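Peer 1: One structure coming up, written as structure tokens, with questions to follow.
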Amino acid sequence: MSSKLQTDRILILFAHPALQKSRVNRVLIGAVQGIQGVTIHDLYQIYPDFHVDPKQEQNLLGVHDILVIQYPFLWYSVPALVREWQDLVLENGWAYGRRGTALHGKKLMCAVSTGAGEEAYRGSHPNRFSMRDLLAPMEQMARLCGMEYLPPFLVHGTFQMPEPEIHRHALDYRRTLEALRDGRVDLVAAAKLPRINLPLAAVIRD
């Protein structure tokens, strides 16, 4: 633990439209339950009718320093409820625009799982684009809102992933969030990586 006292609070915006079928995200989110300073906000549980409450969400964002958006990668994008959340919550004049400074100085990290392996997101594959390219809309969202965009926490190859490997990723996820909370992530080193967990030892100061 760093000797410097940190007060960073993390909000996990968790979005899985079919959690009962999940092999990986269910384990990942379970591994970070109960971490001090981390709030888990399950969008599909709270808004099953998609009636997102913008003010409630803005209040939550206001009292946290780091936003983690955790979701399965669906058709090269976010689940539908995340998009609804973006449209309603990130208002002009609040999140961006001349007077939209509410999120300035906060950090954003995506935690994303993909069914295909990491090799499927290289230029020679039919997917054509890297994950950094495909996550560009999230990065630009962060930039527009005055947030610092962190490399994503990526878990590839979930369709065929054995249970021990799933649990290894879950422990890495917990370790990542604890390090972010405590200010033990070397953000300069992390910025050079395509994903923050490549490997964690390269960016976390123990």
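Peer 1: Just wondering, is there one or more residues in the stretch 159-168 that are part of a helix (DSSP H, G or I) and under 22 Å from HIS64 (Cβ atoms)? Talk me through it step by step, then tell me what you get.
Peer 2: So the first thing to find is which residues in the stretch 159-168 are part of a helix (DSSP H, G or I), and the list is 159-160, 163-168.
Pick out the ones that are also under 22 Å from HIS64 (Cβ atoms) and you get none.
For the stretch 159-168, residues part of a helix (DSSP H, G or I) and under 22 Å from HIS64 (Cβ atoms): absent.
Peer 1: Something else about it: Within the stretch 90-102, is there a residue that is under 15 Å from the mean Cα position of the chain (by Cα) and either under 28 Å from GLY183 (Cβ atoms) or in contact (Cβ under 8 Å) with a residue 40 or more places away in the chain (or both)?
Peer 2: No, the stretch 90-102 contains no residue that is under 15 Å from the mean Cα position of the chain (by Cα) and either under 28 Å from GLY183 (Cβ atoms) or in contact (Cβ under 8 Å) with a residue 40 or more places away in the chain (or both).
Peer 1: Let me ask another. May I ask you to verify whether LEU28 is assigned to a helix (DSSP H, G or I), in contact with a strand residue (DSSP E or B) (Cβ under 8 Å, 6 or more places away or on another chain) and closer than 30 Å to ASN127 by Cβ?
Peer 2: It is true that LEU28 is assigned to a helix (DSSP H, G or I), in contact with a strand residue (DSSP E or B) (Cβ under 8 Å, 6 or more places away or on another chain) and closer than 30 Å to ASN127 by Cβ.
Peer 1: Tally time: how many residues in the stretch 61-120 are among the basic types (Lys, Arg) and assigned to a strand (DSSP E or B)? Steps first, answer last, please.
Peer 2: Keep residues of the stretch 61-120 that are among the basic types (Lys, Arg), which gives 83, 98-99, 106-107.
Applying the additional criterion that residues be assigned to a strand (DSSP E or B) yields 107.
Matching residues across the stretch 61-120 total 1.
One line per residue, one yes/no per condition, for (1) buried (at least 18 other Cβ atoms within 10 Å of the Cβ); (2) under 24 Å from VAL32 (Cα atoms):
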| site | (1), (2) |
| --- | --- |
| GLY115 | no, yes |
| ARG122 | no, no |
| PHE129 | no, no |
| LEU135 | yes, yes |
| LEU144 | no, no |
| TYR149 | yes, yes |
| PRO152 | yes, yes |
| HIS156 | yes, yes |
| ARG168 | no, yes |
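Taken together, the values in this text are just the output of simple stated rules run on the coordinates, not laboratory data. Just so it is clear, the model here is predicted, and its values are computed rather than measured. Because the Cβ atoms are built from the backbone with ideal geometry, glycine has one as well, and the counts that use them run over all protein chains shown.
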